[in-house]
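Enquirer: Sharing a structure below in structure tokens format, with a few things to ask.
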Amino acid sequence: MPVKPSQIIITVVVSFIYWCLTSCLSIAHVLFNQIANSIPPYQRFNEDGVILDVAEMPGFTLEQISQIKQEIVNETVLCSICLENIEEGMNAKIIPGCLHKFHDPCILPWLLNNSICPYCRNVIRLEINV
Ligand SMILES: [Zn+2]
Ligand SMILES: [Zn+2]
């Protein structure tokens, strides 16, 4: 039985549409990967706010962190790491430069792996003393 020309056209059109769809999907996949990879590593968190990939944001040593000023707060402020208040009279670490305040146990693991303020992303320079 000879193949009708219309069947050939339909086959060609269908395979062309299929080819378009698959290449669109793979382009979208590549673009998505590029976007995902362009997000700086320090912005990658899981639901608990735990840092997933900090390899490119080296932090400070314990000794350097101990140089960051700690102060008793005289007004209640929010610790943006645990989202709980640092109550008046409690100790808080104060980030040099931007002066953002965090609980000491909250900021310590962050500073071991990052050299930016977790709240405003200001680069922390230890030589600036508050
Ligand atoms: Zn906290
Ligand atoms: Zn800050």
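Enquirer: For Phe102, all conditions in the list (1) closer than 14 Å to Phe60 by Cα; (2) crowded, with 18+ Cβ neighbours inside 10 Å hold save one; what is the number of the exception?
Expert: Failing condition for Phe102: (1).
Enquirer: Of all strands (runs of 3 or more DSSP E) completely enclosed by segment 1-103, which ones contain at least 3 residues that are modelled with pLDDT under 85, assigned by TED's automatic domain parsing to the domain that holds Glu127 and in contact with a strand residue (DSSP E or B) (Cβ under 9 Å, 6 or more places away or on another chain)?
Expert: none
Enquirer: So which of Glu88, Glu63, Glu84 ends up being loosely packed, with under 13 Cβ neighbours inside 10 Å, of a type in the set (D, E, K, R) and more than 16 Å from ligand 1 (Cβ to nearest atom)?
Expert: Glu63
The values are calculated or read from the model by the stated rules, or taken from the named source; none is laboratory data. Keep in mind it's a predicted model, so treat the numbers as computed, not measured. Backbone-built Cβ (ideal geometry, glycine too); neighbour counts: all protein chains shown.
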